[in-house]
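Participant: Shown below is the structure under consideration.
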Amino acid sequence: MFPILYSFRRCPYAIRARMALCYAEIQVELREVLLKDKPAAMLEASAKGTVPVLVLEDGTVLDESYDVMRWALAQNDPDSWLDDSLVEQIDELVRQNDVEFKPWLDRYKYADRHPEYSAEYYRSQGDLFLQMLETRLQQHAYLLRDTLCFADVAIFPFVRQFAFVDKGWFDSAPYPNLQAWLQRLLLSDLFLAAMAKYPVWKEGDVPQLFPV
Ligand SMILES: N[C@@H](CCC(=O)N[C@@H](CS)C(=O)NCC(=O)O)C(=O)O
């Protein structure tokens, strides 16, 4: 028996959860879902209907990506991603990402669904967060120190999405350190492992272990 992870490959919340599981070397049974056709077993575990959902062997359900990451690192955190001295700063950065930046990212990405303002306006709002990250990355190679920590992994999938809405804009923005940070993470073994492709799960399938 393995914990079961309901996941969607491109979802930034699911990406950060999968990266944390890979890092902690925890194998799960991965069930790739379609957001427009969520499996009944997933909705029974968590009626919220968002991914990721991790169902532990004792039946405990974690349906917040932050909790999945924390759970994984509580099992194994070889590079101290959650160093005690960093936890407060990590939580504040993740809060800014999830609560402040993410809504602008959604509006920027789907500006046609939010015609009140232009895509450029939404981008300029999200850009404030990018500026803050750039300032941090002028001090260290990663957000809080010279090595990767929880905050980088929790935030990177969202910056990735923002960057790829208009890659030309992102590449010519005055953020050399953020561009280098994004590029390093895009090429990292951890991200590549987390982005392995699996077919959509259906009841009765042979369990797909992740990471393989
Ligand atoms: N706060 C949740 C948010 C998860 C979330 O919103 N995931 C999106 C996909 S990126 C989702 O499942 N949306 C439901 C849907 O589109 O039906 C977490 O951190 O896990």
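Participant: From the helices alone, meaning DSSP H stretches of at least four residues, give me the mean residue ellipticity at 222 nm for the chain, per-run term -39500 (n - 2.57), in deg cm²/dmol to the nearest 500.
Facilitator: Mean residue ellipticity at 222 nm (helix-derived): -15000 deg cm²/dmol.
Participant: Still on this model: If we restrict to alpha carbons, what Rg and Dmax does region 98-212 come to, in Å?
Facilitator: 16.6, 51
Participant: Please quote Rg/Rh for region 4-95 to two decimal places, taking the Kirkwood radius as Rh and restricting both calculations to Cα atoms.
Facilitator: Working: Rg = 13.4 Å, Rh = 13.6 Å.
Over the Cα atoms of region 4-95, Rg/Rh equals 0.98.
Participant: Let me know the charge dipole size of the chain about its Cα centre in debye, to the nearest 20, where only the beta-carbon of Lys, Arg (+1) and Asp, Glu (-1) is charged.
Facilitator: 760 debye
Participant: From zero outward in steps of 10 Å, how is the percent of C-alpha pairs of the chain spread across the bins?
Facilitator: Calculated over all Cα pairs of the chain, the distribution is 8, 33, 35, 20, 4, 0 percent.
Participant: Can you tell me, using C-alpha contacts under 8 Å and at least 6 residues apart, the relative contact order of the chain as a whole percent? Don't jump to the answer; show the numbers that get you there.
Facilitator: Values: 264 pairs, mean separation 59.8, N = 212.
The value is 28 percent.
Participant: I'd like the accessible area for residue 26: 1.4 Å probe, protein heavy atoms, all chains in place, Å² to the nearest 10.
Facilitator: 20 Å²
Participant: Now for a different question. Computed on alpha carbon atoms, what radius of gyration and Dmax characterise region 26-145, expressed in Å?
Facilitator: Using the Cα atoms of region 26-145, the pair Rg, Dmax is 17.8, 48 Å.
Participant: Quick one: accessible area per residue over region 84-188, 1.4 Å probe, rounded to a whole number of Å²?
Facilitator: Counting only protein heavy atoms, the per-residue value for region 84-188 is 49 Å².
Participant: Can you check what the net charge comes to around residue 202, using other residues whose Cβ is under 14 Å from the Cβ of residue 202 (Lys, Arg +1; Asp, Glu -1)?
Facilitator: For residues surrounding residue 202, the net value is -3.
Participant: Note down the relative contact order for region 84-188 as a percent, whole number, built from C-alpha pairs under 8 angstrom at least six residues apart.
Facilitator: Answer for region 84-188 is 27 percent.
Participant: Amide H to amide H, which residues 5 or more places from residue 31 or on other chains are under 5 Å from it, using H placed in the peptide plane?
Facilitator: So residue 31 has HN proximity to 5, 6, 7.
Participant: Please list, or write none, the lysines whose alpha carbon is within less than 29 Å of the alpha carbon of residue 38, excluding same-chain residues fewer than 8 places away.
Facilitator: Partners within reach: 48, 102, 109, 197, 202.
Participant: Just in region 116-152: which GluC sites (Glu not before Pro) are loop by DSSP and have at most 11 other Cβ atoms within 10 Å? Can you show the working numbers first?
Facilitator: Working: sites: 116, 120, 134; in loops: 116.
Loop-located and lightly packed - 116.
Participant: Loop-only check: which trypsin sites (Lys or Arg not before Pro) in region 36-128 are DSSP coil with at most 12 other Cβ within 10 angstrom?
Facilitator: 36, 48
Participant: Can I ask one more? Sorted by packing (mean other beta-carbon atoms within 10 Å per residue), highest first, where do 140-146, 202-208 land? Walk me through the numbers on the way to the answer.
Facilitator: Working: 140-146: 16.7, 202-208: 10.0.
Going by the mean number of other Cβ atoms within 10 Å, highest first, we get 140-146, 202-208.
Participant: If you don't mind, another one. In sequence order, what are the phi-derived ³J(HN,Hα) couplings for region 188-200 according to the Karplus relation 6.51 cos²θ - 1.76 cosθ + 1.60 with θ = phi - 60°, rounded to whole Hz, with x for glycine and proline?
Facilitator: Per residue, the Karplus-derived 3J(HN,Hα) values read 6, 4, 4, 5, 4, 5, 5, 9, 3, 9, 10, x, 4 Hz.
Participant: In addition: Using the Cα centre of region 84-188 as origin and beta-carbon charges of +1 (Lys, Arg) and -1 (Asp, Glu), tell me which of 104, 90, 169 is placed farthest towards the positive end of the dipole.
Facilitator: Value: 169.
Participant: How many percent of the accessible area of region 84-188 is carbon or sulfur, using a 1.4 Å probe?
Facilitator: Using a 1.4 Å probe with all protein chains present, region 84-188 comes out at 50 percent carbon and sulfur.
Participant: What list of ³J(HN,Hα) couplings, whole Hz, do you get for region 173-186 from phi and the Karplus terms 6.51, -1.76, 1.60, once you set θ to phi - 60° and write x for glycine and proline?
Facilitator: Karplus-based 3J(HN,Hα) across region 173-186 equals 6, x, 10, x, 6, 5, 4, 5, 4, 4, 4, 4, 6, 4 Hz.
The values are calculated or read from the model by the stated rules, or taken from the named source; none is laboratory data. Just so it is clear, the model here is predicted, and its values are computed rather than measured. Cβ coordinates were reconstructed from backbone atoms using ideal geometry, including for glycine residues, and neighbour counts include every protein chain displayed. The area values use the complete protein model at the heavy-atom level, side chains included, leaving out ligands, DNA and RNA. Shrake-Rupley method; radii C 1.70, N 1.55, O 1.52, S 1.80 Å.
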